[in-house]
Amino acid sequence: MGENALRKQKLALRDEILLRVEKPARYIGNEVNAVVKDKEKVDVRMAMCFPDVYEIGMSHLGIQILYDMFNRFEDVWCERVYSPWLDLDRIMREEHIPLFGLESQEPVKDLDFLAITVQYEMCYTNILQVLDLSGIPLSAEERTWEHPVVIGGGPCTYNPEPIAEFFDLFYIGEGETRYRELLDVYKEARREGADRKEFLRRAAKVPGIYAPSFYRVEYKEDGTVRAMVPTEEGIPAVIRKEIEMEVSDTYYPKKPVVPFIKVTQDRVVLEIQRGCIRGCRFCQAGQLYRPVRERDVDMLKEYASDMLKNTGHEEISLSSLSSSDYSRLPELLDFLLGECSRKNINISLPSLRIDAFSLDVMGKVQDVKKSSLTFAPEAGSQRLRDVINKGLTESVILDGAAMAFEGGWTRVKLYFMLGLPTETEEDIRGIGDLCNKIAAVFFETVPKEKRVNGKVQIVASTSFFIPKPFTPFQWAPMCTKEEFLEKAYLTRSSIKEQLNQKSIKYNWHEADVSVLEGVLARGDRKISGVIRKAYEKGCLFDAWSEYFKNDLWLECFDECGVDIGFYTTRERGLDEVFPWDFLDCGVTKDFLAREWKKAMEETVSPNCRMQCQGCGAARFGGGVCFEERGDGYGA
Amino acid sequence: MERETVKLRIKFAKSGAMRFVGHLDVMRYFQKAIRRAEIDIAYSEGFSPHQLMSFAAPLGVGLESNGEYFDIAVQSHTTAEDMKERLNRVMVPGMEVLNITMLGAHAKNAMASVAAADYSVRFRQGYEPGFDWVGRSMEFYGKPSIMVTKKTKKSEQQLDLKPGIYSMSVKTDENGVPVLRLFVDASSSGNIKPSLVMEAFCREYGEELPEFALLITREDTYANAGTAENPRLVPLDAVGEPF
Ligand code: SF4
């Protein structure tokens, strides 16, 4: 009976294709909590896209939040779309199958909006893939009402210029606040029969919305930006980020979509706060999401229970930039421990500072013999840690490690960055030293007869430092590939010289891709030609090291006459106008410059709870900036 | 620690888009569904306890089924009807719980019970063979032996399918489409894939079965309620009791 109806359930791809591709469940939609609406009964249809493979995209919290928000709007139906994997990509091109939304299985091209979240620079070619497979012209300029409005959001859009050509609009900041308004502007424009340009013009006046086609960039002779000029009266010269200040009373999904296949984040994700009080000088997120706003602990308890019930997930994870700084953490964890042990649910706790409290909690939720502890000193010496404003000291690390070893842990992971401003050989050698000291702590604290497997395992990983917009290091020159590799070799040999080198394993990232990420991160509109060319030559899934084609990219820079060094190794003056300066993320350029100077002086800045640094984010009128500041916080 | 648990056998159907969700993911799907439906399932002991759950025969990607099974151990239960309804409330289109029965304490688990399976096989439109397959089917089935070459990584092996084919017939479905019914051995030692039979069938009449030509539905999965010498094949849920 019902069987025949189900057999007719519409899929965009024929059986023969689904049976040929890897993991066909990536493309069928139909997941638990996926929202299907009657398309005749909505005014606006949109696709939310994460331009990477399904398993990555489905793990992203931001999309789940916006998907839930849009679908709560009665007049809107929001679907999801991800990058088809290479096998399907080829088939879709061969057979001219248009990219489709997972829920309706209908072409993206027929929808009103395509919203793309841009989480990392290395997905830029995938953005072009999504547009291309959808049958949407890559250049925003060539689009008509035949095509959806393409709007970008996410951290990379704080420097949207390298990809500005491909987007009709960008939404700068947190999506909870202005989308309703934007959609209403859209509905009105369509009702009036306004042309596309007119709609974009009106959209450009909605706070937080950047419409690239209404801005002209003027360059100086040396190639740097002179000014970014609105081309029409009434278009704002500066666009301030949008921010949700009522984080305890806003959109958050109670019924997130549950994928069939195993995805990276196969669990309930509870975002406990936004922002970070710590101000590490290399960290972009720490500046972009200021000020810190904590969610109400009762709200979090309620959501945790509901989300577990509605998804059936067997694990819950807390999400934030620095969970230890959440002021109600003990209460929340207490609640979760009770709730979860009753229901056999695992708790995963990323980004906790290692101290007596966190070790106690972690000892309850994980198998200490199997799990590892993570420290992120980021730099090998105290001097360099002061430069980057990473408050972690050697004694804190060693004390934490000693406590952990006493508690039964035997594995330690350490994360470092190479190529930080002012870094010397001595700083790099400090990495090996620190690893060695941690191993020594193990042998000192754990008597021989108590050593599990007789040993300790330390894994040191280094990534290469990439200066990002809106950080105090946005002025910093970046290393070349050769310099990066030299630093990695030095790290390796300094580890090899250590007494306990047998207990230390060392991993480092590829240098090629870091250099490219550096170009894209601080690039300008002149880069877009390179990105397009790279895509046309076959670059795709650049974030996947096995598919990253550095030679092709280099060829494209060459052919476009774009000098990589201009964007990476060049020293930028304090008076330089950056391509992203027309955006206002709340934190002032003055503050960032102050922090940059303090870095050069090796001076640390206290965190927001210890002493406000006057970064500018207080203008949003809430969060940590208006908390009672005790003088003893952290003591 | 001894706990009182009861074993239940759940029968479900899988169709539509769900055909493309593989066996391991179906298991994960039901683990989560059981939590959503708040079934009081029992867990294993140890640091990371898992649900006590055992699936019958895995179903290949692309196949439909009207007779899939898994067993769970529960610490408490309501009526079969209520539990079925609770599960169906949290299903997605293409998944339907059909029946829940209670197993005796000594019943073999679902996987070990599987002895045979009943399949409906259709040709996908445009993939029908050139010969009169409906007319020839009984002639094919009448052969004393049906030899195929089974390729493994290391060797090629000649295998007679005939003893494992318990019955074969052709009917027409409500849309007038001819359907071949195959009742075959599905035990772990002698499992016969319907596609293997169909390949041999086509080859017998000089054709190669193209890829993706078949639409296959597993109609039900059977256990042997008799003895090895005197088998009595019954659907897997006929072993359990209503509750
Ligand atoms: S204004 Fe002060 S308290 Fe607020 S985010 Fe900036 S530094 Fe922190």
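Please treat every number below as a calculation from the coordinates, not as lab data. Computed from a prediction, not measured in an experiment: that's the story for all the values here. Neighbour counts are summed over all protein chains in view; Cβ atoms, including those assigned to glycine, are modelled from backbone coordinates with ideal geometry.
Summary table below
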read-out: Under 17 Å from the Cα of A:Lys455 - lysines, other chains or at least 8 residues apart; value: A:Lys369, A:Lys370, A:Lys413, A:Lys437, A:Lys502, A:Lys505
read-out: Charge-dipole axis of the stretch A:391-456 as Lys and Arg at +1 and Asp and Glu at -1 on Cβ define it, positive-most pick from A:Gly430, A:Ala401, A:Met417; value: A:Ala401
read-out: Average partner coverage of A:251-261, which counts Cβ from other chains inside 10 Å; value: 2
read-out: Selection from A:Phe335, A:Phe70, A:Ser493, by position along the positive dipole direction of chain A (Cβ); value: A:Phe335
read-out: Segment A:Leu398-A:Arg594, extension gain: residue separation times 0.36 nm, minus the distance between their alpha carbons; value: 67.4 nm
read-out: Estimated FRET transfer efficiency when R0 is 35 angstrom, pair A:Arg93-A:Ser348 (beta carbons, to 0.05); value: 0.35
read-out: More than 16 Å apart - percent of Cα-Cα pairs taken over the stretch A:223-315; value: 70
read-out: Overall form of the stretch A:168-295 per C-alpha gyration tensor (a/c, 1.5; a/b vs b/c); value: oblate
read-out: Radius, Kirkwood style, for the stretch A:465-521 when every pair of distinct Cα atoms is counted (Å); value: 12.9
read-out: Residue-by-residue Karplus 3J(HN,Hα) for the stretch B:221-237, coefficients 6.51, -1.76, 1.60, Hz, glycine and proline x; value: 10, 10, 10, 9, 8, x, 10, 4, 6, 10, x, 10, 8, 10, x, 4, 7
read-out: Lysine pairs meeting the criterion (Cα under 19 Å, 8 or more apart or interchain), as found in the stretch B:113-237; value: 8
read-out: Proximal lysines relative to A:Lys309, as straight alpha-carbon distance under 16 Å, when same-chain residues fewer than 8 apart are discounted; value: A:Lys254, A:Lys255, A:Lys301, A:Lys343, B:Lys32
read-out: Cα gyration tensor category, rounded, prolate or oblate, for the stretch A:1-107 with a/c compared to 1.5; value: oblate
read-out: Distance (nanometres) between label positions extended 7 Å along Cα→Cβ at A:Val238 and B:Lys150; value: 7.6
read-out: C-alpha center-to-center spacing [the stretch A:187-223, the stretch A:27-55] in angstrom; value: 27
read-out: Label point at B:Thr78 placed 7 Å out along Cα→Cβ; residues across the stretch B:87-105 whose backbone nitrogen lies under 20 Å; value: B:87-92, B:96-103
read-out: For A:Trp145, A:Trp580, order by how many other beta-carbon atoms lie within 10 Å, fewest first; value: A:Trp145, A:Trp580
read-out: Cα pair distances in chain B, grouped into 5 Å bins until the bin that holds the longest one, percent each; value: 1, 6, 12, 16, 17, 15, 12, 9, 6, 4, 2, 0, 0
read-out: Dipole moment magnitude, nearest 20 debye, the stretch B:6-111 about Cα centre, only Lys, Arg, Asp, Glu C-beta charged; value: 120
read-out: Net charge contributed by nearby residues that have their C-beta within less than 11 Å of A:Glu165 (K/R +1, D/E -1); value: -1
read-out: Point-to-point label distance, B:Arg124-B:Asn175, nm (Cα→Cβ direction, 7 Å offset); value: 1.4
read-out: Net dipole in debye of the stretch A:15-240 [+1 Lys, Arg Cβ; -1 Asp, Glu Cβ; about Cα centre; nearest 20]; value: 480
read-out: Shielding by partners - mean other protein chain Cβ count within 10 Å, residues of B:211-219; value: 2
read-out: Dipole in debye (nearest 20) - the protein assembly as shown, about Cα centre, beta carbon charges: Lys, Arg +1; Asp, Glu -1; value: 1560
read-out: Burial ranking of peptide ranges A:548-557, B:74-83, A:476-485 (average Cβ count within 10 Å, highest at the top); value: A:476-485, A:548-557, B:74-83
read-out: Cα long-axis angle, helix A:394-406 against chain A (0 to 90 degrees, to the nearest 10); value: 80
read-out: 23 Å tail of the calculated P(r), the stretch A:265-353, as % of Cα pairs; value: 24
read-out: Exposure proxy ranking, count of Cβ atoms within 10 Å, fewest first, for A:Trp409, A:Trp544; value: A:Trp544, A:Trp409
read-out: Sorted largest first, extent of chain A alpha carbons per principal axis (Å); value: 75, 71, 52
read-out: Efficiency of FRET between A:Lys369 and A:Ser324 - r from beta-carbon atoms, R0 22 angstrom, step 0.05; value: 0.40
read-out: Cα-based equivalent ellipsoid, the stretch B:147-200: semi-axes from gyration tensor eigenvalues, Å; value: 26, 12, 9
read-out: Summed side-chain charge close to A:Ala511 - residues other than A:Ala511 whose Cβ falls under 13 Å, Lys, Arg +1, Asp, Glu -1; value: -4
read-out: FRET efficiency, 1/(1 + (r/R0)^6) with R0 30 Å, evaluated for A:Arg20 and A:Glu559 via beta carbons; value: 0.25
read-out: The stretch B:113-237: C-alpha gyration tensor shape, a/c 1.5 cut-off, then a/b vs b/c; value: oblate
read-out: Antiparallel %, DSSP beta bridges [both residues in the protein assembly as shown], to 5; value: 55
read-out: Label point distance in nm, A:Thr144-A:Thr231, each placed 7 Å from Cα along Cα→Cβ; value: 2.0
read-out: Average beta-carbon neighbours from other chains, 10 Å sphere, peptide B:19-28; value: 5
read-out: Value of [θ]222 nm, deg cm²/dmol, for chain A, DSSP H segments ≥ 4, -39500 (n - 2.57) each, nearest 500; value: -10000 deg cm²/dmol
read-out: Exposure proxy ranking, count of Cβ atoms within 10 Å, fewest first, for A:Lys370, A:Lys487; value: A:Lys370, A:Lys487
read-out: Net charge of Cβ neighbours under 10 Å - reference A:Lys309; Lys, Arg +1; Asp, Glu -1; value: +3
read-out: Principal-axis tilt of helix B:80-89 within chain B, Cα atoms, nearest 10 degrees; value: 80
read-out: Between helix A:86-95 and chain A: long-axis angle, C-alpha atoms, 0 to 90°, nearest 10; value: 10
read-out: Inter-centroid distance (Cα atoms) of the stretch A:264-315 relative to the stretch A:383-397, Å; value: 26
